[in-house]
Amino acid sequence: MTERTRGPALVVGGTGGLGAAICAALVAEGRPVVFTYRSDPDKAQRQVEALGGPDRVACIRADTTRPETLDAAVARANEWCGPPQTAVFATGVHIEQPFISRTAFSAWQQVIDVELLGLIRLVDAVLPSLREAEDGNIVAITSVATASYPPGDALSAVPKAGMETLMRALAREEGRYGVRANCVAPGLMDAGLGAEFIQTMYSPEIWDQQRRRIALGRFGTAEDVAGIVAFLAGPAARYVTGQTIYADGGFRL
C-alpha cells in the first residue's frame, strides 16, 4: 500500500446509508477517516467502534448550513492525522418528490442551502488542505436524475446538477495544484433514502417495473457506490478528474 492510499479522508454525512458504507470502504483500504454527523452522537460513536475504534476513525458534529462547523471538521482531521487528502460530500435533505408546480419555495431554499451551498462551504473549508496533500481529491454524491430525469424529482436533481457543475469547475481550476474533483451519481438504490422510498412510496408493482428497467436487474446497494468513491479517492484514479460516474446498473440505457 502506498502513502497515497493511506492519506486521511473527511466524509461529510458519514452516518447516512451511503456515507457509512463509504467510511467502511475507505477504512478497509487503510485510510484514517474523520466523518461528520448531524444530530445523533450515540449512533456516530457506535459507528466509530464498529469501524475499528478511535485509533482509526474519528467523528465530529457538523451542519453544512454552518460554515464554522465544516471548518471545525477540517481542523479536527488536521489535528488528528494531518491535512485531509480526500473529502467526500455524502449528505443531503430528506425530501418528498413533488412536482415543480407543487414545490414550496422554502423547500427549494432548504435543499439548495444544505446540498449545493453546503458543498460550496465544504470546498471553501477543505481546499487549502487538499492543495497541501499529495493527490488531494474531492468526491460529491449526486444523482442519476441529473441525466435521466424522473418526474417529481426536481427538488433533488436541480441542486445536484449545480453540484456536478461545481465539481467540473473545481477540477478545471485546481488541477494545476494536483487536486482532483469528481462525482458519483447513484441510480435507484436500496440504501439510504432510496430504501425508505421503496418501503413507503408507490406500490410493489411500480417498483418492480422500475427494477426491470435496470440493465443489471436489481437496485443498487450502498457498497456499490462506496467502491466507486474509494476508487476515485485512490491512486488508481490519479488521472481521473471532472467526471461523473453513474452507479445506476444501466438504468439510463
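Observations, loosely collected:
- Subset tally (residues that are surrounded by fewer than 20 Cβ atoms within 10 Å (Cβ to Cβ) and under 16 Å from the mean Cα position of the chain (by Cα)) for region 159-178: 5
- When residues of region 90-123 are limited to those that are crowded, with 16+ Cβ neighbours inside 10 Å and of a type in the set (Ser, Thr, Tyr), the one nearest to Arg38 (Cα to Cα): Thr91
- Where Thr5 falls short, out of the listed (1) modelled with pLDDT of 95 or more; (2) in a helix (DSSP H, G or I); (3) surrounded by fewer than 18 Cβ atoms within 10 Å (Cβ to Cβ); (4) of a type outside the set (D, E, K, R): (1)
- Of all residue pairs spaced 6 or more apart or on separate chains, those with beta-carbon atoms under 6 Å, a first member in region 164-188 that is in contact (Cβ under 8 Å) with a residue 40 or more places away in the chain and under 11 Å from Asn137 (Cβ atoms) and a second member that is in a strand (DSSP E or B) and not aliphatic (A, V, I, L, M) are Met167/Cys183; Arg180/Asn137.
- Cβ-Cβ under 7 Å pairs, at least 6 apart or on other chains, region 63-83 side touching a residue at least 12 places away in the same chain (Cβ under 8 Å) and buried (at least 16 other Cβ atoms within 10 Å of the Cβ), far side among the basic types (Lys, Arg) and part of a helix (DSSP H, G or I): Thr64/Arg121; Pro67/Arg121; Leu70/Arg121
- Residue in region 79-99 that is assigned to a helix (DSSP H, G or I) and more than 23 Å from Cys23 (Cβ to Cβ) present: no
- Condition met for Val27 (crowded, with 21+ Cβ neighbours inside 10 Å and either more than 14 Å from the chain's Cα centre (by Cα) or not aromatic (Phe, Trp, Tyr) (or both)): no
- Taken together, the residues in region 137-160 that are out of contact with any Pro (no Cβ under 8 Å at 6 or more places or on another chain), of a type outside the set (Phe, Trp, Tyr) and farther than 15 Å from Val93 by Cα amount to 9.
The values are calculated or read from the model by the stated rules, or taken from the named source; none is laboratory data. Remember, it's a predicted structure, so these values are computed and weren't measured experimentally. For neighbour counting, all protein chains shown are included, and Cβ atoms are generated from backbone atoms with ideal geometry for every residue, glycine included.
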